[in-house]
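Below: one structure, written as structure tokens.
Just so it is clear, none of the values below were taken in a lab; they were calculated from the coordinates. Please read all numbers here as calculations on a predicted model, not as lab measurements. A quick note on method: Cβ atoms are made from the backbone with ideal geometry, for glycine too, and the neighbour counts reach across all protein chains shown.
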Amino acid sequence: MSLEARPSVGSAHRSLRDSIADELRERIISGAYPPDFRLVERDLAQQLEVSRIPLREAFLQLESEGLVRALPRRGVVVASMTAKDVEDLFEIRESLESLAARLAAQRADREGLQRLRAHLDEARATTAAADKDGIARANAAFHATIIDLADNELLHSMMAPLNSKVRWLFRLTSATDPEMLCREHTDLFEAIAAGNADEAARIALEHVAASRQPTFDQLTNPQ
């Protein structure tokens, strides 16, 4: 599989870096590359049919997202999710996602609500099919769309680096019942669609907080 760029320099080079990062990100989130898996630069460059420069830039991008780490004498490895990492992530999500839900309820238009509903429908379908990867993608897309509907660039820039970790966490753990997630997402969608900002913020906060302890339990005692 070749990801090599077709046009020249500039945006095309950045696009190649992004394409490589996208491919590696999906492999990490899907579990194809588990925590502590070593990403060998030479092997990946041959496998993806790319040069090492955009591959290294893709590593830097993934490192900024917290998905990989560069270690002395080991090179680049897939990062592990520690208890502190999870605690930090939940603290930020509780604050920012409740704000995003409040703003989305105030600002979402019909087209935005249709997009949000589509992700909710996708989550229901993947839940019915017991598609673990699909559930993670759909639920992360639902949350990301709420951030978009909040229409606040600063909030978006603060949340964007967390999206990969949120998807990764959904995929790494089976702590939260996907059917319960769908019910909570339905309640959140209805509050946003009704323009009830206070209710949307409350539901979003409780939704994120409710999965905190089960997630810790699952990471500590994986089944």
Rounded, prolate or oblate for segment 16-78? Axes are the square roots of the Cα gyration tensor eigenvalues, ordered a ≥ b ≥ c, and the cut-off for rounded is a/c under 1.5. rounded
Using +1 at the C-beta of Lys and Arg and -1 at the C-beta of Asp and Glu, which of Pro54, Val86, Asn152 has the Cα lying farthest in the positive direction of the dipole of the chain? Pro54
Computed over the chain: longest principal axis from alpha-carbon atoms vs helix 83-107 long axis, angle to nearest 10 degrees, is 50
Estimated D of segment 56-157 in µm² per second, where Rh is the Kirkwood radius over Cα pairs and Stokes-Einstein applies at 4 °C, 1.567 mPa s: 82
For percent of Cα pairs over 30 Å apart, calculated from these coordinates, the label among (1) 29; (2) 52; (3) 22: (1)
Would you order Ser98, Ser15 from fewest to most other beta-carbon atoms within 10 Å of each residue's own beta-carbon? Ser15, Ser98
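Using alpha-carbon pairs under 8 Å, 6+ residues apart, how would you state the relative contact order of the chain in percent?
Normalised by residue count, the contact order of the chain is 24 percent.
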Report the FRET efficiency, 1/(1 + (r/R0)^6), for Arg52 and Ser95, where r is their Cβ-Cβ distance and R0 is 45 Å, rounded to 0.05. 0.70
